[in-house]
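Visitor: Once you've had a glance at the structure underneath, I'll fire off some questions.
The values are calculated or read from the model by the stated rules, or taken from the named source; none is laboratory data. What you see is a predicted model; the values in this text were computed from it and never measured. With ideal geometry, Cβ positions are generated from the backbone for all residues, glycine too; neighbour counts draw on all protein chains shown. Heads up: the accessible areas ignore ligands, DNA and RNA and are worked out on the full protein's heavy atoms, side chains in. Shrake-Rupley method; radii C 1.70, N 1.55, O 1.52, S 1.80 Å.
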Amino acid sequence: MKRASILSTFSLVFILTLNGQDKKELDKKAIKDMCGCYDITFKYTETFAPEVDYEKRLDYTAGAIELALPIVDQEDKISIQHLLVINDTTVIKHWRQDWEFENQKVFYYDKDNNWVFQTLPMDEVKGQWTQKVFQVDDSPRYSGSATWVHTDGKHYWENKASSPLPRREYTKRKDYNVMFRGNRQEITKYGWLHEQDNDKIVRKDGKEDVLLVQEKGFNVYTKVADDKCKVAMDWWKEHNGFWADVRTSWDELYDREGNLTLAKKVEGKPLFMHLYPLEKMNADSSEISELLSKFVVTKKMNSDVEGK
């Protein structure tokens, strides 16, 4: 009986391990299914506001052709670089998303261009993937950890995370300072969908967050022929070395305990405007690191932003 019990336990552990491996492969397939050439539509509308006199802003709609290119494909990390194609001829480096399996080191956006770095307990991230989102200059934007779900023919990941104002509003709005994002990324038959339920909030030290208005968003990624993104593929072959050095320089800053606060501008210009001249002259990593250091304005001890 004892021998049979040991064999049963061993078999159960083997099955659970195998199932875990199968689940991870499904996760990786879903993440990599976000790669490709896409025709994208962006649609946002403000919905509920707690104050009756709040005047809702006009709906936002836009479209683009975008290449989502896998630049890292490892067992526990997948990195996807997004490149915008303008008028079939011009390429603009867009956002980047890194996916890390059972990752414990994360940055959480607080406010005022300040990110709080934390180490998560292993039991909290078991089986989860962290999505880390970066801006056009590879500076941090937001991140969150959650489990990919595969059920009833659906494949999706959802999480809530604080972030700076979106690019469509950060130069136009002063009435809120943090977007608390509800992100759902779902693989579909046509491509994938980034569905959002966002809270635009006012955050101040020592006070509860104040909701200004809620927003619904749909970013619809419809896969199209790869040749529509050929100009982006060719551009990346020429420029990927420089941006690999930029990512390495940022990684040195991310390898830290405590907060990271970044200046919005140095010498009157945001970071991406400083990077473009360095890209043209094919600057080396030391010059890139020197530039990034100018944007680091303060170093603080880690603080708790749980629940924000």
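Visitor: Determine whether Glu252 is among the acidic types (Asp, Glu), under 23 Å from Asp98 (Cα atoms) and in a helix (DSSP H, G or I).
Guide: Criteria met by Glu252.
Visitor: Here is a follow-up. Which of (1) hydroxyl-bearing (Ser, Thr, Tyr); (2) open to solvent by 50 Å² or more (accessible area, probe 1.4 Å); (3) at pLDDT 95 or above is the odd one out, the single condition Tyr221 does not satisfy?
Guide: (2)
Visitor: Can you tell me which residue is nearest to Asn114 (Cα to Cα) among those in the range 251-269 that are touching a residue at least 12 places away in the same chain (Cβ under 8 Å) and out of contact with any helix residue (DSSP H, G or I) (no Cβ under 9 Å at 6 or more places or on another chain)?
Guide: Applying the filter and picking the extreme gives Thr261.
Visitor: Within the range 225-232, does at least one residue satisfy the condition of being at pLDDT 95 or above, closer than 22 Å to Asn113 by Cβ, open to solvent by less than 50 Å² (accessible area, probe 1.4 Å) and in contact with a Ser or Thr (Cβ under 9 Å, 6 or more places away or on another chain)?
Guide: Scanning the range 225-232, I find no residue that is at pLDDT 95 or above, closer than 22 Å to Asn113 by Cβ, open to solvent by less than 50 Å² (accessible area, probe 1.4 Å) and in contact with a Ser or Thr (Cβ under 9 Å, 6 or more places away or on another chain), so the answer is no.
Visitor: Check off (1) within 30 Å of Asp284 (Cα to Cα); (2) modelled with pLDDT under 95; (3) of a type outside the set (D, E, K, R) for Val266 and give me the number that stays unchecked.
Guide: Val266 satisfies all of (1) within 30 Å of Asp284 (Cα to Cα); (2) modelled with pLDDT under 95; (3) of a type outside the set (D, E, K, R) except (2).
Visitor: Now for a separate question. Is the range 1-19 home to any residue that is in a helix (DSSP H, G or I), small (Gly, Ala, Ser), open to solvent by less than 90 Å² (accessible area, probe 1.4 Å) and modelled with pLDDT of 65 or more?
Guide: No, that holds for no residue.
Visitor: Looking for something closer than 30 Å to Ala225 by Cβ and open to solvent by 20 Å² or more (accessible area, probe 1.4 Å) - is there at least one such residue anywhere in the range 195-212? I'd like the intermediate steps shown before the answer.
Guide: Going residue by residue through the range 195-212, those that are closer than 30 Å to Ala225 by Cβ are 195-196.
Filter once more, so that each one left must be open to solvent by 20 Å² or more (accessible area, probe 1.4 Å): 195.
For the range 195-212, residues closer than 30 Å to Ala225 by Cβ and open to solvent by 20 Å² or more (accessible area, probe 1.4 Å): present.
Visitor: Let me ask something else about it. Given (1) under 26 Å from Asn177 (Cα atoms); (2) in contact with an Asp or Glu (Cβ under 6 Å, 6 or more places away or on another chain); (3) among the aromatic types (Phe, Trp, Tyr), identify the lone condition not met by Phe242.
Guide: If we test Phe242 against (1) under 26 Å from Asn177 (Cα atoms); (2) in contact with an Asp or Glu (Cβ under 6 Å, 6 or more places away or on another chain); (3) among the aromatic types (Phe, Trp, Tyr), just (1) comes out false.
Visitor: For Tyr108, which of the numbered conditions (1) open to solvent by 70 Å² or more (accessible area, probe 1.4 Å); (2) in contact (Cβ under 8 Å) with a residue 40 or more places away in the chain; (3) under 23 Å from Tyr176 (Cβ atoms); (4) in contact with a Phe, Trp or Tyr (Cβ under 8 Å, 6 or more places away or on another chain) fails to hold?
Guide: (1)
To keep it simple, each residue is scored yes or no on (1) crowded, with 20+ Cβ neighbours inside 10 Å; (2) among the small types (Gly, Ala, Ser).
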| residue | (1), (2) |
| --- | --- |
| Gly127 | no, yes |
| Trp148 | yes, no |
| Ser162 | yes, yes |
| Asp175 | no, no |
| Met179 | yes, no |
| Gly182 | no, yes |
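Visitor: Check the range 131-141 and report whether any residue there is modelled with pLDDT of 95 or more, charged (D, E, K, R) and surrounded by fewer than 18 Cβ atoms within 10 Å (Cβ to Cβ).
Guide: No, that holds for no residue.
Visitor: For Val149, only one of the following conditions fails: (1) among the aliphatic types (A, V, I, L, M); (2) touching a Lys or Arg at 6+ places or on another chain (Cβ under 9 Å); (3) within 25 Å of Glu124 (Cβ to Cβ). What is its number?
Guide: Result: Val149 fails condition (2) only.
Visitor: Please tell me if Asp245 is open to solvent by 20 Å² or more (accessible area, probe 1.4 Å), under 28 Å from Asn159 (Cα atoms), among the acidic types (Asp, Glu) and in contact (Cβ under 8 Å) with a residue 40 or more places away in the chain.
Guide: no
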